[in-house]
Amino acid sequence: MSDRHPTAVVRSPIDHKSRLPLIWAIPIVTAIIGGWLAWSTLSQRGPLITVTFETAEGLQADQSHVRHKDVDMGVVQKIGLTPDLKRVQVTIRMNREAEPLLTEGAEFWVVRPRFFAGAISGLQTLFSGSYLDLLPAAGGQPKRDFVGLENPPVLQSDVPGRTFLLRAKRIGSLNLGSPILFRDLEVGEVLGWDVGEMAQDITVHVFVREPFDKYVRDNSRFWNASGAKVQLGTNGLQVKVQSLRAVVLGAVAFETPGNPQVTAESEADHGFPLYEDEDAADASTYKRSVPFVANFNSSVSGLAAGSPVTLRGLKIGEVSSLSLVYDRAQDNVVVPVHFTLEPERVAMLELPTGGDLDNRMQELVHRGLRVKLESSNILTGSKQLAMDVYRDAGPGELGKQGDAYVVPVMGGSADDAATAATNLVNRLSDVPFESIGRNLDQTLAGVNALVNDKELAGTVSELQSTLAGAQQLMNNLNHGLTPAMQRLPSIASGLESTVQRTDKLLASLQTGYGGDSRFNRDVSQMMGQLSDAARSIRVLADLLSRHPEALIRGRADQGVQ
């Protein structure tokens, strides 16, 4: 037998622990990836904000996104109502990169298809769906609760330029986005407006882009250029339109008189007056105006505030107001017309000031300075004031009401050609055309009845038959008497030849029988009778040839036997 004994081998437990199964690697890797994804998600996760709107039209939770310059900035998580149940509250999870943009002044609005500020926008949302757009503000404190805009802002980008303030009594047809025009170029837009202090005026906020903002100077003039201007003058009918967009949305135009480099550029938010039209803006360049009053005792229909005051056909001022006042001294109602004159419109005219101006005006009135009402447009019936020195105006005195000079009135509305035409029309309207028309209708009806009367028609028919019969009788007489009338001249000629031959015979007998014989006397008497008969036949032939109807009616000078 062998002396060796079996021995046991003991392995260290450390060797078993060092060899783990590979199946455990899968959950470990999954946990690592999940943790990385969670860390990545949390690291990219931005703040949670709320935006309130009037409605949630077009928005959907977990689908609608927030964008800025077409970059995704967040997603809508929840849509609900505010605690007072008056507005819609939209909860949005923003990205971390959007956090610097969430400051005071940031604006949110819903992008959807709409027509706004003269343009159609948001058509791409017809396929992609509505989304929220973000317009950040420069600087400001961080903010998480916002009030959304129902309409997109007019100025949606950081376009360089300046904002100016325009003061006006009313905005007229201006709208958000109305263009700002400079020499017919669109250089900006209207951003909005607010009511001025004590509601005395309206402040319109306008934006002018670079480089056109440098042409806005302290002496620049802004005016309302909305719509179209129609003017009927000596050059015919003129229609002035700034642009089609200005007609639809309204517009504001500005101009800088003279050399723009003379005055400095206007600072941002500088205030300017907004004039009603270009004429009012041009008139603002005249620094001096003199107030006047003209009292009319007759109608001033067609005259209104803004009507021109002319001097020999050219404008030197305009009417400011009209009113009705009872004059106790005249026991009559008069129409005081207040107007202003701008002496700078007359070249080389230098009017004094103070008391010297009173003396000068008194002198002009004594020389015949008068105010007259006349037509400016016959078609529309508008009137204007004409001021001039009339040599035959007669005596007149200058009055004064406060600072306004009261100038005598020459003539009245009755002297106006349009009024004379109106009076003529009124006189024509007094003519009873209606009754004349009725009488004429009755007369024509009577004539019509007489013409169409059956008895009259029968009488006319019988008369025609009678005339036809008389005509036929005359034709028969003419044909029957024609042979006899044709033979009468030949008979007269035969008688003449017989008389001549008889004369020759008597001449020969005279020589044989003597001139005092009875035979001679009888023959002489017979020859005289034959001569008378020949003459009568000739006269009868001539009469019947000219008047064949004498055979029936007899001689015209012969009375009825």
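Coordinate-derived values only; no laboratory data. All values derive from a computational prediction rather than experimental measurement. Cβ coordinates were reconstructed from backbone atoms using ideal geometry, including for glycine residues, and neighbour counts include every protein chain displayed.
What number, in percent, do you get for the relative contact order of the stretch 276-408 if the mean sequence gap of Cα pairs under 8 Å and at least 6 apart is divided by its residue count?
Answer for the stretch 276-408 is 28 percent.
Please state the relative contact order of the stretch 42-147 as a whole percent: Cα pairs under 8 Å, 6+ residues apart?
Computed value for the stretch 42-147: 33 percent relative contact order.
Of the peptides 211-218, 175-182, 309-316, how do they stack up when ordered by the mean number of other Cβ atoms within 10 Å, highest first?
Listed from highest to lowest mean packing, they are 175-182, 211-218, 309-316.
Classify the stretch 42-147 as rounded, prolate or oblate, taking a ≥ b ≥ c as the square roots of the eigenvalues of its Cα gyration tensor: rounded when a/c is under 1.5, otherwise prolate if a/b is larger than b/c and oblate if not.
Cα axes put the stretch 42-147 in the rounded bin.
As a test of understanding, state the convex hull volume per residue of the stretch 290-424 from its alpha carbons, in Å³.
In the stretch 290-424, the Cα convex hull volume per residue is 119 Å³.
Return the loop-located GluC sites (Glu not before Pro) in the stretch 126-195 (DSSP other than H, G, I, E, B) with at most 16 other Cβ atoms within 10 Å of their own Cβ; answer none if there are none.
Answer by residue number: Glu150.
May I ask for the net charge around Pro153, where only other residues with Cβ less than 14 Å from the Cβ of Pro153 are counted and Lys, Arg are +1 while Asp, Glu are -1?
Numbers: positive: Arg114; negative: Glu107, Asp133, Glu150, Asp158, Glu189.
Taking every other residue near Pro153 into account, the sum is -4.
Check which residues have an amide H placed less than 5 Å from Thr103's amide H, if you skip close sequence neighbours.
For Thr103, the qualifying residues are Ala137, Lys143.
Below 8 Å, C-alpha to C-alpha, sequence gap of six or more: please give me the relative contact order for the stretch 25-88 in percent.
Value for the stretch 25-88: 27 percent.
Among Pro100, Ala61, Val111, whose Cα lies farthest out toward the positive end of the dipole of the stretch 42-147, if unit charges sit on the beta carbon of Lys, Arg (+1) and Asp, Glu (-1)?
My answer, from the dipole projection, is Ala61.
Go through the stretch 345-397 and name the GluC sites (Glu not before Pro) that are in a DSSP coil and have 12 or fewer other Cβ atoms within 10 Å of their Cβ.
Working: sites: Glu350, Glu363, Glu374, Glu397; in loops: Glu350, Glu397.
The qualifying sites are Glu350, Glu397.
Count charges around Ala283 for me, please; just the other residues with Cβ under 15 Å from its Cβ, Lys/Arg as +1, Asp/Glu as -1.
Local charge sum for Ala283: -4.
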